[in-house]
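The next block holds one structure in the form of structure tokens; read it before the comments.
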Amino acid sequence: MRIIITGASSGLGEALALHYAREKNDLVLIARREKKLQKVAEECLALGATVEIIIADVNDFTLMNSIGERLASEKVDRIILNAGVSVGHSGGVTPFDDFHRLFQTNFLSLHALLEPIIPKLIEQKSGEIVFISSLASLLSMPTSIAYSSSKRALNAYAEGLRYQLKPYGVDVMTILPGFIDSEMTQKNNFTMPFFLSTEQGVKRITNAIAKKKHFYPFPLRFYLMIRFIQLLPHPLRDKIIYFTNFKKGS
Ligand SMILES: NC(=O)c1ccc[n+]([C@@H]2O[C@H](COP(=O)([O-])OP(=O)(O)OC[C@H]3O[C@@H](n4cnc5c(N)ncnc54)[C@H](OP(=O)(O)O)[C@@H]3O)[C@@H](O)[C@H]2O)c1
């Protein structure tokens, strides 16, 4: 199986690459940090996969588009859009630069890469597109407005694309993790509810992909808590938000 993974140099992307390497797949790994990506590639090769690495910044949209074109010259079985950044949870007015960077990396880069790949999947009448969103896309906290907004934009994009590609036998999946151990969460200085190890997180993600879950929020208890809060009348909802740990830093 030919599997493309963005953001494969650390965290979830790295663990996903190693998981699919064990199944001896044909991997294409994309990220900016060459040494780290090279190390992941070597581990994947040792596990029996074939590996191509692409050192690229997903924010270079022209480059992403040309990489997409090249990748679409061969069969694409699965593409996992995992590269993403957060700017940490901070108080005060969100700087415009944070919005700009997060929307570029977490949202706009997706279509820059996918634009040339989508016609290939349609032509193949098969393939899977997997988006790594976040539970944070469902509930926007005052301390991470830009991150939540960028991931909610991703959800909307993925939803439309799923309807568009379903008739062609192409599966579009949106995975919404809670807090998982990675370089991203190691920067957080607050208590992260329902925190999972990287292994636990990746096991759930790969199971969901194997079952072709089109919308997979986890951990379930965290998701249900968010759904419950969303059902409450606004005054009550506000009280709960302000009494959670998320208020730290605001
Ligand atoms: N960990 C969590 O709790 C959690 C929860 C919900 C959602 N997520 C999502 O999961 C995804 C993976 O994050 P992670 O937790 O594994 O964090 P991570 O360890 O920081 O990994 C982020 C990956 O994205 C890549 N990346 C970031 N900016 C990039 C750019 N401009 N161009 C190319 N690659 C870029 C990084 O590679 P380079 O720096 O080498 O480029 C790295 O491989 C993200 O989309 C994140 O939003 C994570």
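The values are calculated or read from the model by the stated rules, or taken from the named source; none is laboratory data. From a predicted model like this one, the values you see are computed outputs, not experimental measurements. Note that we place each Cβ from the backbone using ideal geometry, even for glycine, and neighbour counts take in every protein chain shown.
State all residues of region 5-50 that are within 11 Å of the ligand (Cβ to nearest atom), aliphatic (A, V, I, L, M) and part of a helix (DSSP H, G or I); if no residue qualifies, say none. Across region 5-50, the qualifying residues are LEU12, ALA15, LEU16, ALA17, LEU37, VAL40. For region 66-77, the set of residues classified as crowded, with 17+ Cβ neighbours inside 10 Å and within 16 Å of the ligand (Cβ to nearest atom) consists of ILE67, GLY68, LEU71, listed by residue number. Taking each residue of region 76-104 that is within 14 Å of SER144 (Cα to Cα) and looking for partners that are among the charged types (D, E, K, R) and more than 14 Å from the ligand (Cβ to nearest atom) with beta-carbon atoms closer than 8 Å, six or more apart or interchain, yields HIS89/LYS248. Scanning region 171-189 for residues that are surrounded by 15 or more Cβ atoms within 10 Å (Cβ to Cβ), more than 8 Å from the ligand (Cβ to nearest atom) and under 25 Å from GLY91 (Cβ atoms) gives a single hit, ASN188. Residue under question is LYS166, and the condition is that it be more than 22 Å from ASP98 (Cα to Cα), of a type outside the set (A, V, I, L, M, F, W, C) and touching a strand residue (DSSP E or B) at 6+ places or on another chain (Cβ under 9 Å); does it hold? So LYS166 passes the test.
Of all the residues that make up region 95-108, how many are under 14 Å from ASN155 (Cα atoms) and near the ligand (Cβ under 9 Å from one of its atoms)? Steps first, answer last, please.
Here is the first cut: in region 95-108, the ones under 14 Å from ASN155 (Cα atoms) are 103, 106-108.
Imposing the further condition that a residue be near the ligand (Cβ under 9 Å from one of its atoms) reduces the set to 106.
Total satisfying the criteria: 1.
The helices (runs of 4 or more DSSP H) found entirely in region 138-216 that carry 3 or more residues being of a type in the set (Lys, Arg) are 145-165.
Any chance region 15-29 includes a residue that's touching a residue at least 40 places away in the same chain (Cβ under 8 Å) and among the small types (Gly, Ala, Ser)? Yes: region 15-29 contains one or more residues that are touching a residue at least 40 places away in the same chain (Cβ under 8 Å) and among the small types (Gly, Ala, Ser).
Across region 190-210, what is the number of residues that are within 12 Å of the ligand (Cβ to nearest atom), at pLDDT below 95 and farther than 20 Å from ASN106 by Cβ? Working first, answer last.
So the first thing to find is which residues in region 190-210 are within 12 Å of the ligand (Cβ to nearest atom), and the list is 192-198, 200-202, 204-205.
Those still in the list that are at pLDDT below 95 too: 192-193.
When the remaining residues are screened for being farther than 20 Å from ASN106 by Cβ, the result is 193.
Number satisfying all stated conditions: 1.
Against the conditions (1) more than 12 Å from the ligand (Cβ to nearest atom); (2) in contact with a Ser or Thr (Cβ under 6 Å, 6 or more places away or on another chain), ILE118 satisfies every one except (2). Beta carbons closer than 6 Å, at least 6 apart along the sequence or on distinct chains, pair a first residue in region 129-155 that is among the β-branched types (Val, Ile, Thr) with a second that is modelled with pLDDT of 95 or more for ILE129/ILE79; ILE129/VAL172; VAL130/ILE80; VAL130/MET173; VAL130/ILE209; ILE132/ASN82; ILE132/ILE175. Considering SER148, SER137, SER133, the condition of being within 8 Å of the ligand (Cβ to nearest atom), crowded, with 16+ Cβ neighbours inside 10 Å and either aromatic (Phe, Trp, Tyr) or at pLDDT 95 or above (or both) is satisfied by SER133 alone. Applying the set (1) under 30 Å from ASP97 (Cβ atoms); (2) touching a residue at least 60 places away in the same chain (Cβ under 8 Å); (3) assigned to a helix (DSSP H, G or I) to ILE67 leaves exactly one unmet item: (2).
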